[in-house]
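S.K.: Questions regarding the structure given below will be posed in turn.
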Amino acid sequence: MKVSKEIKGATDGQPPLASWNPPFCGDIDMRIARDGRWYYMGTPIGRPAMVTLFSTVLWMEGDKYFLKTPVEKIGIEVEDAPFLFISVCHNEGEKGVELTFTSLTGDRVTLGPEHRLWVEHCPETGEPSPYINVRYGMKGLLHRNVFYELLAMAKEVERQGKATFIIVSQGVEFVLGTLA
């Protein structure tokens, strides 16, 4: 379910959260797990339309997450990133290849100057976690399969004496990783 574009100030199906300044009403027992599943009071939310609706009013201030409406703002927990991107499609655009990612909640983000990709590594295991900017300062995690798909299409170039894997979208290069 998408939020109606008839909401005053709404763009691209998203409500105008930046213009809403409701009072904080406390935290609720709602959590977004690293695997993209949403939980309420420890139980997975089983209705995808409900999760999609909640995702449209998701807001971040500092390092805290909220569900925000014109009349209230309630705190929720996010384990890692509030969005999980599960697919990527390749299109030809004005500046060449465009990579558009789709999340579990139906959000579509095209990698480029406004939506950048970066990879963080777990200090203990070295495991990569690739992220992309989504909206309002929030990020989305790329599912492992999507990351492997990007690695398969990446160009290998030498940078500073290391094999570096890059992808290009909207004319912007993004580094996926390097080999020592």
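S.K.: From E79, E98, E72, which residue is touching a residue at least 12 places away in the same chain (Cβ under 8 Å), open to solvent by 40 Å² or more (accessible area, probe 1.4 Å) and closer than 22 Å to A154 by Cβ? Quick ask: steps written out before the conclusion?
M.R.: Values: E79 fails: closer than 22 Å to A154 by Cβ; E72 fails: closer than 22 Å to A154 by Cβ.
Just one listed residue meets the conditions, E98.
S.K.: Can you tell me which residues in the stretch 87-115 are in a loop (DSSP other than H, G, I, E, B) and either among the small types (G, A, S) or under 26 Å from A33 (Cα atoms) (or both)? Show your work before the answer.
M.R.: Step one: list which residues in the stretch 87-115 are in a loop (DSSP other than H, G, I, E, B), which gives 94-95, 104-107, 111-115.
Answer for the stretch 87-115, where residues must be in a loop (DSSP other than H, G, I, E, B) and either among the small types (G, A, S) or under 26 Å from A33 (Cα atoms) (or both): L104, T105, G106, D107, L111, G112, E114, H115.
S.K.: Then there is this: From the set of residues in the stretch 116-138 that are among the β-branched types (V, I, T) and assigned to a strand (DSSP E or B), which is farthest from I166 (Cα to Cα)?
M.R.: Start the filter on the stretch 116-138 by keeping residues that are among the β-branched types (V, I, T), which leaves 119, 125, 132, 134.
Applying the additional criterion that residues be assigned to a strand (DSSP E or B) yields 119, 132.
Numbers: V119: 12, I132: 15 Å.
Among those that are among the β-branched types (V, I, T) and assigned to a strand (DSSP E or B), it is I132.
S.K.: Of the residues L142, L117, L179, L84, which is over 30 Å from Y40 (Cβ atoms), at pLDDT 95 or above and not charged (D, E, K, R)?
M.R.: Working: L142 fails: over 30 Å from Y40 (Cβ atoms); L179 fails: at pLDDT 95 or above; L84 fails: over 30 Å from Y40 (Cβ atoms).
Criteria check complete, one pass: L117.
S.K.: I'd like the full set of residues that are open to solvent by 40 Å² or more (accessible area, probe 1.4 Å) and in contact with a helix residue (DSSP H, G or I) (Cβ under 8 Å, 6 or more places away or on another chain), limited to the stretch 134-180.
M.R.: Y136, F165
S.K.: Condition first: touching a residue at least 40 places away in the same chain (Cβ under 8 Å) and closer than 12 Å to V78 by Cβ. Now tell me which residues in the stretch 36-64 satisfy that.
M.R.: G36, S55, L58, W59, M60, listed by residue number.
The values are calculated or read from the model by the stated rules, or taken from the named source; none is laboratory data. Being a predicted model, the structure only gives us computed values, none of them experimental. Here Cβ is always computed from backbone atoms with ideal geometry, including for glycine, and neighbour counts include all displayed protein chains. Surface accessibility is based on the protein's heavy atoms, side chains included, excluding ligands, DNA and RNA. Shrake-Rupley method; radii C 1.70, N 1.55, O 1.52, S 1.80 Å.
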